[in-house]
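**Student:** Following this message is one structure expressed as structure tokens.
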Amino acid sequence: MIAFFSPLHVLHAPANEFFRGQLVPCFESPARAAFVLEEIAARGHELRAPTADSRDLLARIHASRYLAFLESAWSQWLALDPGNAAVQPFPSVWPVRTLRSDVEPGNFIARLGLYSMDNGTPLVAGTWAAAKAGADAAASAARLLAAGERSAFCATRPPGHHAGADFMGGYCFLNNAAVAAQALRASGCARVAVLDVDYHHGNGTQSIFYGRADVLVVSLHGDPRTEYPFYLGHADEAGEGEGLGFNLNLPLPAGTAADTWFSALDAACSRVERHRADALVVSLGLDTFVGDPISKFSLSTGDFHRLGARLAKLGLPTVFILEGGYAAAELGINAANVLDAFDQA
Ligand code: OKP
Ligand code: ZN
């Protein structure tokens with residue numbers, strides 16, 4: 001399978017994130033992509049640099065004021081004080097219910113809060129360049145499918161599925177899966193399905209397509225009653241307006257065993273089949289792995305073969321987008337197992 005990879009991901013390497021009120025080293029690290037790159041190269045997959053510019057697609061997925069903020073956020077931060085070059089900005093105030101989000105505040109930290117869903121998404125000088133390269137990879141993968149390729153993998157970080165139309169969150173800035181889905185629509189696929197198998201509900205992807213019937217969103221994830229992102233991902237979220245019936249959430253309790261997870265995957269795949277999709281985007285989070293340090297499902301390394309084989313049975317042109325997965329040393333093996341099983345099916 002052709003894999004898109006950009007070395008620019010290393011420009012997004014924040015030192016710390018908040019975890020239970022303390023600053024700890026970031027779970028979402030450059031080492032993750034390095035392990036993935038090493039393993040997929042070792043297994044003979046072809047690596048390519050992104051070739052497409054996602055700018056026009058991004059403008060269809062994200063709000064223009066959010067994109068403008070994100071692209072210039074670091075220079076805005078430095079403009080406050082050149083000493084900020086060595087300081088990580090974090091939001092500390094958010095426009096929750098009753099507060100206004102239509103007026104962009106003049107204060108940088110207030111703007112950062114306006115465009116963030118949490119304080120767990122550190123932003124650094126190279127964040128825009130790294131995130132943009134990931135979105136370019138997603139656009140490139142969709143272009144490859146339009147040219148007749150069966151599948152493609154985006155070995156990208158930072159991830160994207162928590163990023164909504166106008167906010168970052170959960171280590172995500174630009175919604176790569178949404179970019180891929182939109183690109184597939186633009187290249188002539190009448191119906192697209194996004195299947196999100198990350199441990200965490202893809203709230204950003206859900207919200208971007210919630211009112212649309214052309215892009216089905218199906219997600220299998222830890223129950224948001226106890227798991228991040230907490231405020232979205234419940235089973236009763238079915239879509240709205242024209243999109244009613246085109247969102248399916250399959251939340252599972254933390255601690256769910258692999259066999260139960262695969263039964264839910266069958267239900268997810270049935271819904272994708274009923275959509276009669278022309279193409280599939282898989283938000284490939286690998287934090288369902290038993291050894292993941294922040295997640296509570298228990299898939300084994302071998303189970304990722306089973307996942308790839310099950311997805312291949314759908315028989316659809318497929319873009320795989322790397323999302324989460326924080327057991328970095330095993331991440332490459334788990335990702336490559338999905339891709340190899342898909343290729344061999
Ligand atoms: C991203 B992805 C917050 C720390 C927890 C949330 C987890 C984000 C997971 N201070 N961060 O879906 O793998
Ligand atoms: Zn995740």
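**Student:** Out of the residues in the range 41-89 that are within 23 Å of residue 162 (Cβ to Cβ) and among the hydroxyl-bearing types (Ser, Thr, Tyr), which is farthest from the chain's Cα centre (by Cα)?
**Tutor:** Restricting to residues being within 23 Å of residue 162 (Cβ to Cβ) and among the hydroxyl-bearing types (Ser, Thr, Tyr), the top hit is 72.
**Student:** Given the conditions (1) open to solvent by 80 Å² or more (accessible area, probe 1.4 Å); (2) over 23 Å from residue 204 (Cα atoms), and given that residue 47 satisfies all but one, which numbered condition is not satisfied?
**Tutor:** Single failed check for residue 47: (1).
**Student:** Cβ-Cβ under 7 Å, sequence separation 6+ or interchain: first residue in the range 231-255 and farther than 28 Å from residue 296 by Cβ, partner among the hydrophobic types (A, V, I, L, M, F, W, C) and part of a loop (DSSP other than H, G, I, E, B). Which pairs?
**Tutor:** Within 7 Å, the pairs are 242/213; 243/213; 244/238; 245/238; 246/213.
**Student:** Going through the range 54-71 one residue at a time, which ones are outside any loop (DSSP other than H, G, I, E, B), open to solvent by less than 60 Å² (accessible area, probe 1.4 Å) and in contact (Cβ under 8 Å) with a residue 12 or more places away in the chain?
**Tutor:** Result: 57, 58, 61, 66, 69, 70.
**Student:** Pull up the range 9-53, narrow it to residues that are aliphatic (A, V, I, L, M) and part of a loop (DSSP other than H, G, I, E, B), then point me to the one that is farthest from residue 179 (Cα to Cα). Please lay out each step first, then the result.
**Tutor:** Taking the range 9-53 and keeping what is aliphatic (A, V, I, L, M), we get 10-11, 13, 15, 23-24, 31, 33-34, 36-37, 40-42, 47, 49, 52.
Filter once more, so that each one left must be part of a loop (DSSP other than H, G, I, E, B): 13, 15, 49, 52.
On the way: 13: 23, 15: 28, 49: 17, 52: 12 Å.
Ranking the qualifying residues of the range 9-53, first place goes to 15.
**Student:** Any residue at all in the range 18-34 that is at positive phi and among the polar types (S, T, N, Q)?
**Tutor:** Of all residues in the range 18-34, those at positive phi come to 20-21.
If we keep only those that are among the polar types (S, T, N, Q) too, we end up with none.
Checking the range 18-34: not a single residue is at positive phi and among the polar types (S, T, N, Q).
**Student:** Quick check on this structure: which one of 341, 257, 345 is among the small types (Gly, Ala, Ser) and buried (at least 18 other Cβ atoms within 10 Å of the Cβ)? Outline the logic, then answer.
**Tutor:** Numbers: 257 fails: buried (at least 18 other Cβ atoms within 10 Å of the Cβ); 345 fails: buried (at least 18 other Cβ atoms within 10 Å of the Cβ).
Only one candidate qualifies: 341.
**Student:** Can I ask one more? Restricting attention to the range 196-214, which residues are in contact with a Ser or Thr (Cβ under 9 Å, 6 or more places away or on another chain) and not in a helix (DSSP H, G or I)?
**Tutor:** 196, 197, 198, 199, 200, 201, 202
**Student:** Give me a count of the residues in the range 209-224 that are within 15 Å of ligand 1 (Cβ to nearest atom) and more than 17 Å from residue 255 (Cβ to Cβ). Write out each step before concluding.
**Tutor:** Just the residues of the range 209-224 that are within 15 Å of ligand 1 (Cβ to nearest atom), to begin with: 217, 219-224.
Filter once more, keeping what is more than 17 Å from residue 255 (Cβ to Cβ): 217, 219.
Qualifying residue count for the region: 2.
**Student:** If you check every pair at least six apart or on different chains, which have Cβ atoms under 8 Å apart with a residue in the range 148-170 that is away from ligand 2 (no atom under 12 Å from the Cβ) first and a residue that is open to solvent by 10 Å² or more (accessible area, probe 1.4 Å) and of a type in the set (Lys, Arg) second?
**Tutor:** The qualifying pairs are 166/65.
**Student:** Is it true that some residue in the range 27-41 is surrounded by fewer than 19 Cβ atoms within 10 Å (Cβ to Cβ) and charged (D, E, K, R)?
**Tutor:** yes
**Student:** Give the residue, chosen from 148, 188, 169, that is within 16 Å of ligand 1 (Cβ to nearest atom) and surrounded by fewer than 24 Cβ atoms within 10 Å (Cβ to Cβ). Steps first, please.
**Tutor:** Working: 148 fails: within 16 Å of ligand 1 (Cβ to nearest atom); 188 fails: within 16 Å of ligand 1 (Cβ to nearest atom).
So the residue among 148, 188, 169 that is within 16 Å of ligand 1 (Cβ to nearest atom) and surrounded by fewer than 24 Cβ atoms within 10 Å (Cβ to Cβ) is 169.
The values are calculated or read from the model by the stated rules, or taken from the named source; none is laboratory data. These numbers come from a predicted model, not from an experiment. Neighbour counts run over all protein chains shown; Cβ positions are idealised from the backbone, glycine included. All accessible areas refer to the heavy atoms of the entire protein, side chains included, with ligands and DNA or RNA removed. Shrake-Rupley method; radii C 1.70, N 1.55, O 1.52, S 1.80 Å.
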